[in-house]
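Notes follow the structure.
No value in this document is a laboratory result; all are computed from the given coordinates. All values reported here derive from a predicted model rather than from experimental measurement. Note: ideal-geometry Cβ built from the backbone for every residue, glycine included; neighbour counts use all protein chains shown.
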Amino acid sequence: MRGLFIVLEGCDRSGKSTQCHQLVKQLQAKGYSAQYRNFPNRTTQTGKMIDSYLRQATELDDHAVHLLFSANRWEAMNSIKDTLESGITLVVDRYAFSGVAFSSAKGLDLNWCKQPDVGLLSPDVVVFLDLSIDEAEKRGGYGEERYERRELQTKVRNQFMKLKDDTWKVVNAAQSAEQVEKGIWSIVEAALSTSTNQRKSLLYSLWKD
Ligand code: DGP
């Protein structure tokens, strides 16, 4: 049986990376093969350009950087597909939803922002870690990177709310890390229990269905 494609989304400081790593550990402890992936992957050629942009070492047009983030996802698709088909579950830290939320928060048209990611592999589960901007700021404030500003983060959160559909599972990220972990696990456990024939085949159908 193929692995599950699980995406965790949320604003900066919502605890996504910590929870992704915890989830991978938990899956492995229960006997599942599981791996962590993250976007942007800053190690590839596109990722290096993105990293330099995020660290504010270089300037790029908003549209151009949006396409770079999308390319960073597209170039990972074959590897993601092969990994899932080999039976490994992937826990992915951000996906195209971040892409659209951040770029549209900067003022680009939301529909335009969706287009480069149309046809990416569709995740089985999208978990949104929901945290108010006030709570996010309490977590030690924002850092030095380009998007780490209250005003933009507020807009990003609003854009995420526009993208959210009935299939998303929302977890209150203001709870303790243990409670968040439990909330995520109950969602993942339900998805894991789908039998082989119920688990839909992998589809390059993001935003098409
Ligand atoms: P992270 O490595 O998860 O901290 O992400 C780096 C920053 O980049 C963070 O502020 C969120 C933003 N980001 C992530 N994915 C995308 C994307 O696809 N497009 C844009 N414009 N920003 C993104």
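Take the conditions (1) touching a strand residue (DSSP E or B) at 6+ places or on another chain (Cβ under 6 Å); (2) within 12 Å of the ligand (Cβ to nearest atom); ASP124 misses just one of them, which is (2).
Among the residues making up region 127-171, a single one is within 13 Å of the ligand (Cβ to nearest atom), closer than 20 Å to CYS20 by Cα and among the basic types (Lys, Arg): ARG157.
For region 29-58, enumerate the residues that are touching a strand residue (DSSP E or B) at 6+ places or on another chain (Cβ under 9 Å) and among the polar types (S, T, N, Q). Explain how you work it out, then say what you get.
Going through region 29-58, the residues touching a strand residue (DSSP E or B) at 6+ places or on another chain (Cβ under 9 Å) turn out to be 32-39.
Scanning region 29-58 gives SER33, GLN35, ASN38.
Only a single item in (1) buried (at least 19 other Cβ atoms within 10 Å of the Cβ); (2) more than 10 Å from the ligand (Cβ to nearest atom); (3) among the hydrophobic types (A, V, I, L, M, F, W, C); (4) without any contact (Cβ under 8 Å) to a residue 60 or more places away in the chain is not met by PHE69, and it is number (2). The residue of region 98-111 that is farthest from the chain's Cα centre (by Cα), among those that are surrounded by fewer than 22 Cβ atoms within 10 Å (Cβ to Cβ), within 13 Å of the ligand (Cβ to nearest atom) and not aliphatic (A, V, I, L, M), is GLY107.
Within region 113-129, is there a residue that is within 20 Å of ASP12 (Cβ to Cβ), surrounded by fewer than 22 Cβ atoms within 10 Å (Cβ to Cβ) and more than 16 Å from the chain's Cα centre (by Cα)? No, region 113-129 contains no residue that is within 20 Å of ASP12 (Cβ to Cβ), surrounded by fewer than 22 Cβ atoms within 10 Å (Cβ to Cβ) and more than 16 Å from the chain's Cα centre (by Cα).
Scanning region 8-66 for residues that are more than 12 Å from the ligand (Cβ to nearest atom) and among the hydrophobic types (A, V, I, L, M, F, W, C) gives LEU23, VAL24, LEU27, ALA29, ALA34, MET49, ALA57. Taken over region 171-191, the residue count meeting the criterion of being within 21 Å of ARG139 (Cα to Cα), buried (at least 16 other Cβ atoms within 10 Å of the Cβ) and either in contact with a His (Cβ under 8 Å, 6 or more places away or on another chain) or not small (Gly, Ala, Ser) (or both) is 4.
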